[in-house]
Amino acid sequence: GVGQCPSAGKGTIRHGAQVAFRHENGPLSQTLTGLTVGADYYLHCYENARSVTTVPSLEVQLGGITVVPPHSVPPVRGGAYYEIYGDAFEATAAELLLSFIKGAPAGGDCTALIDNVAIVEIPAGTAPFVTRNPVSTTVSVGDTASFSVQGIGSLPLAYQWLKNGEEIAGATAATLTLSNVQKGDEAAYSARVSNSVGPVTSAAATLEVFEPIPDLYSTGLDNARAPLADGAVDPHYTLV
């Protein structure tokens, strides 16, 4: 019926009867016309997946330029439709090829659903707004932590990452990568996105750093973690 997608088992489609299914891996493409060369745009759509077990990935390209990387958001998820924004771009031609490139990173049978695709023009003088906030994470000492943010507004956009509200020197990309993380890196991280109109700051994400307890032994083991002989004294524990 109208507004239903029974073959995907997802019930009512978010925006009525219009939905695209992509079962085969590879691109689903259409040429867009009527773009204004030099104007700024962004892509907006909703995505879903038929399965919650074997999930597809989905990359979006415009004119051969990736505006939604395949892993900038979690793989396409089953259940409700999820709102997706592509990175802002400047139109280089009046016609551009729009491609949704479906993949199956884990293999297996999976289908991506794409709904209500729109290419939205960004009027000149549009202040930035955040469309994807950084996500809190926990890593172990010595690991790498990464945060990302997405902002949309009149181009060009500038980025500045903040640690507990203070600017991080040199952290001026949409992604912040922290290598060899230590306990001192635990903090709230946010990003300021700005253009000629003004700035906006994302929500803060928390970094927690797990520090394993060194030389932790189970009872009844020697220094080489081999079982102690009967009657031997445990060198690591004392019963009080």
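The table below gives the values:
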read-out: The chain, relative contact order in percent, only Cα pairs under 8 angstrom and at least six apart counted; value: 18
read-out: Inter-part distance where the range 103-145 and the range 171-195 are each reduced to a Cα centre, Å; value: 18
read-out: Residue-by-residue Karplus 3J(HN,Hα) for the range 36-45, coefficients 6.51, -1.76, 1.60, Hz, glycine and proline x; value: 9, 4, x, 7, 9, 9, 9, 9, 9, 7
read-out: Protection proxy ranking of 20-26, 186-192 - average other beta-carbon atoms within 10 Å, highest first; value: 186-192, 20-26
read-out: Listed peptides 201-207, 151-157 by packing density, highest first (mean Cβ within 10 Å); value: 151-157, 201-207
read-out: 5 angstrom amide H check on T126, placed H, neighbours 5+ away; value: S154
read-out: The range 70-206 - Debye-derived log10 I(q)/I(0), Cα point model, q = 0.09, 0.10, 0.17 Å⁻¹; value: -0.36, -0.44, -1.07
read-out: Area accessible to solvent at T172, 1.4 Å probe radius, in Å²; value: 80
read-out: Formal net charge of residues neighbouring Q160 (Cβ-Cβ distance under 14 Å; K, R +1; D, E -1); value: 0
read-out: Cut-off 14 Å between beta-carbons: net charge of the residues surrounding V200, Lys and Arg +1, Asp and Glu -1; value: +2
read-out: Stokes-Einstein translational diffusion, the range 112-188 - Kirkwood Rh over all Cα pairs, 1.567 mPa s, 4 °C, in µm²/s; value: 87
read-out: Cα-based Kirkwood hydrodynamic radius, the range 143-229, one decimal, Å; value: 15.7
read-out: With DNA, RNA and ligands ignored, accessible area of F129 (1.4 Å probe; Å², nearest 10); value: 80
read-out: Solvent-accessible surface (1.4 angstrom probe) belonging to Y217, in square angstrom, nearest 10; value: 30
read-out: Anisotropy class of the chain from Cα gyration tensor, a/c 1.5 cut; value: oblate
read-out: Long-range amide H partners of A205 with built H, under 5 Å; value: Y189, S190
read-out: R0 of 35 Å, Cβ-Cβ distance T53-A203: FRET efficiency to nearest 0.05; value: 0.70
read-out: Fraction of accessible area attributable to carbon and sulfur, the range 139-207 (%, probe 1.4 Å); value: 48
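The values are calculated or read from the model by the stated rules, or taken from the named source; none is laboratory data. All values reported here derive from a predicted model rather than from experimental measurement. Note that each Cβ is placed from the backbone with ideal geometry, even for glycine, and that neighbours are counted across all protein chains shown. Heads up: the accessible areas ignore ligands, DNA and RNA and are worked out on the full protein's heavy atoms, side chains in. Shrake-Rupley method; radii C 1.70, N 1.55, O 1.52, S 1.80 Å.
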